[in-house]
Amino acid sequence: MAEPEPKKPKAKDHVDLVFDAAKLKAKAKAKAIDGDADVESAKPHGHGGSRLLRRACCALGVVAAVAAVVMLVLSLTVLKVRDPTLSMDSVTVERFHVGFGTEASRPLRINVTLVAGIVIKNPNYESMRFGTSTTEFYVDGVPEYVGLGSAPPGEVAARGTSRVRVGMDVFVDRVGAAVVGEVLFGRGEVRLASHTAVDGRVSVLGGLYGRRAVRVAMRCRVVLRVSAAVVVAGSPSCVADFSSH
């Protein structure tokens with residue numbers, strides 16, 4: 001008796017194929033979920049880097065703004081060189097001599113020794129050095145000076161004041177008979193005009209930021225009341241002119 005032929009498992013093979021397709025679909029879905037999770041986990045890191053970059057830029061901007069403000073304040077205070085002020089606070093008569101001359105054009109010799117007090121004020125935050133200052137005295141209407149004096153060089157402290165004394169001999173009789181006549185027969189007033197010049201130099205931040213030279217000039221007017229016995233100097237009236245480079 002012939003054996004029956006074995007049947008092919010067609011249905012089973014079909015089930016296996018269906019099962020394998022379902023597994024592949026599940027694996028693909030799991031990979032997709034894992035990929036989305038990776039993308040989501042990567043996003044916060046990207047936003048954090050941008051946030052740090054923005055913070056760094058803001059901090060840099062704040063530092064630059066503060067530095068600009070500091071430089072502006074320094075340029076308006078410490079680094080700004082201001083012109084010093086110059087004044088004459090007093091004129092005193094130290095010696096007075098009247099004698100008769102041998103020349104017909106100068107019958108009377110009048111020699112007055114004056115001492116002028118010169119005040120230099122330094123408004124800067126750095127000290128100022130100044131050289132020898134000169135003071136010239138003139139009589140109204142006469143082109144040449146009748147007295148010349150000088151003061152030694154020195155230094156004015158930061159935002160400080162320095163006072164120097166200038167001594168000079170004023171030969172009043174050199175200006176002619178008009179002044180002599182005023183002394184002998186008039187009110188005895190001799191009007192003098194003075195010119196004082198001081199050259200100084202200010203070193204900013206000890207010279208690291210440069211040096212600036214300043215020239216201060218001052219003109220004053222003072223009245224001498226001359227008599228046969230005494231000479232009295234009035235209070236000076238001054239106007240200062242400034243020039244710097």
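Each value in this text was obtained by applying a stated rule to the coordinates, not by laboratory testing. Computed from a predicted model, the values in this text were never measured in an experiment. Cβ: placed from backbone, ideal geometry, glycine included. Neighbour counts: every protein chain shown.
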Go ahead and run the numbers for FRET between GLU155 and VAL115, Cβ-Cβ distance against an R0 of 25 Å, rounding to 0.05. 0.70
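So for each of 159-166, 134-141 I average, over its residues, the number of other beta carbons within 10 Å; can you give me the resulting order with the highest mean first?
On the way: 159-166: 15.4, 134-141: 18.4.
Top to bottom by mean Cβ count within 10 Å: 134-141, 159-166.
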Give me the one-decimal nm value for the distance between modelled label points at VAL142 and ARG129, 7 Å along each residue's Cα-to-Cβ direction. 3.8 nm
Volume per residue of the C-alpha convex hull in the stretch 111-177, rounded to whole Å³: 84 Å³
Listed highest first by mean packing, meaning other Cβ atoms within 10 Å per residue, what order do 50-60, 123-133 come in? 123-133, 50-60
